[in-house]
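See below for the structure under consideration.
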Amino acid sequence: MVAVRQRRRWGVLVLLAVYVGYLGMGAAVLQALERPAEVRAAEHLLREYWKLLANHSCLQGPVLQRLIEGIIQAYKSGITLQGNTTSLGRWDFSGSFFFSISTITTIGYGNLSPSTAAGRIFCIVFALFGIPLNLVLLNEIGQLMLLGVQHCARRLEEAFHWRNKASFLMKTCALVTGLLLFLLLPPVLFSDKEGWSYDEGFYYSFITLSTIGFGDYVIGMNPDRTYPSWYKNVISLWILFGMAWLALVIKFCINILESSSDFCQCNKKNMDMAEDLMDSSKNSVTGLQNAEICSDKDTKMKGPVESHSYTAPAEAL
């Protein structure tokens, strides 16, 4: 038991070291890729700010700063300027429904949040009961998907008398179908409705279904576009079933990692057992050699002795 606990502790420490190293690698790569663009954007904003003040001497720096902050805060609340009017629509029923599903699925884009105290309290209670409900539903949907794949695999086995091939074929078909429905085809719809490029739509699809939810890309938030009434409802269903499918894929990856970890532990145990056997065999050989040496010494000290042979009884033959 002590050896098992020590091995488990070392395994956790190694896994933690790999985890921290993976995060550090990600941070270094992202810093190298994104930091230059951030510096260029900041310099461009500063140049435009000073150019505006130079060309319009009636403007004062503090007044312009307050105006910019007000525009940013209004944009976060879903209000944008359109000429002499403002655009609303983030808190209509479809927008509120989309916010509700992004809450209980723990996506949390961050581009929209309740601003009233009553709305924040309700959001806490709503998420408290909604998140477990969402997990239960995703689990049931995932089980139905697995049952469907297993049922189709059994039908193939009965029809073509395949055994291992049927299961592998159906898992491959389920993976390819999920890739098409949840990751590869939705960016085409996003390109048409949002004006995004394909890679931006693919990025949004994975970030959403994996519940990372950065919030840099969110559907239905462009005030210059008119969205159909079914758009956000269809995307909500896509999120629900896509999360269930991606959860199965992630679970499959977890099983692969755990099986590889178990394989490494089994190899380590086998090596430990082999070393123990080698040590025991060495000890036994050393013991035999010591016994032979001791017997030789006794023979030399005592000299020739009478041989005492044991004769088995006749009844035993």
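Evaluate segment 116-128: report whether one residue or more is in contact (Cβ under 8 Å) with a residue 60 or more places away in the chain, hydrophobic (A, V, I, L, M, F, W, C), open to solvent by less than 70 Å² (accessible area, probe 1.4 Å) and assigned to a helix (DSSP H, G or I).
no
Return yes or no: is residue 160 surrounded by 14 or more Cβ atoms within 10 Å (Cβ to Cβ) and out of contact with any Lys or Arg (no Cβ under 8 Å at 6 or more places or on another chain)?
For residue 160, the condition - surrounded by 14 or more Cβ atoms within 10 Å (Cβ to Cβ) and out of contact with any Lys or Arg (no Cβ under 8 Å at 6 or more places or on another chain) - is not met.
For the list (1) within 24 Å of the chain's Cα centre (by Cα); (2) open to solvent by less than 70 Å² (accessible area, probe 1.4 Å); (3) within 19 Å of residue 237 (Cα to Cα), I need the number of the one condition that residue 203 fails.
Unmet condition: (2).
Six or more apart or on different chains, Cβ atoms under 8 Å: show the pairs whose first residue is in segment 224-235 and within 11 Å of residue 189 (Cβ to Cβ) and whose second is of a type in the set (Phe, Trp, Tyr) and at pLDDT below 90.
Here the result reads 235/98, each pair linking segment 224-235 to a residue that is of a type in the set (Phe, Trp, Tyr) and at pLDDT below 90.
So if I check each of 248, 189, 179, which one is in a helix (DSSP H, G or I) and modelled with pLDDT under 90?
Selected residue: 248, the only one of 248, 189, 179 that is in a helix (DSSP H, G or I) and modelled with pLDDT under 90.
Tell me which of these residue 149 doesn't satisfy, since it passes every other one: (1) in contact with a Cys (Cβ under 9 Å, 6 or more places away or on another chain); (2) at pLDDT 90 or above; (3) of a type in the set (Val, Ile, Thr).
It is condition (2) that residue 149 fails.
I need the full set of residues from segment 4-30 which are among the charged types (D, E, K, R) and touching a residue at least 24 places away in the same chain (Cβ under 8 Å), in order please.
Across segment 4-30, the qualifying residue is only 7.
The values are calculated or read from the model by the stated rules, or taken from the named source; none is laboratory data. None of these values were measured; they are calculated from a predicted model. Methodologically, a virtual Cβ is constructed for each residue, glycine included, from the backbone with ideal geometry; neighbour enumeration extends over all protein chains shown. Only protein heavy atoms, including side chains, enter the accessible area calculation; ligands, DNA and RNA are left aside. Shrake-Rupley method; radii C 1.70, N 1.55, O 1.52, S 1.80 Å.
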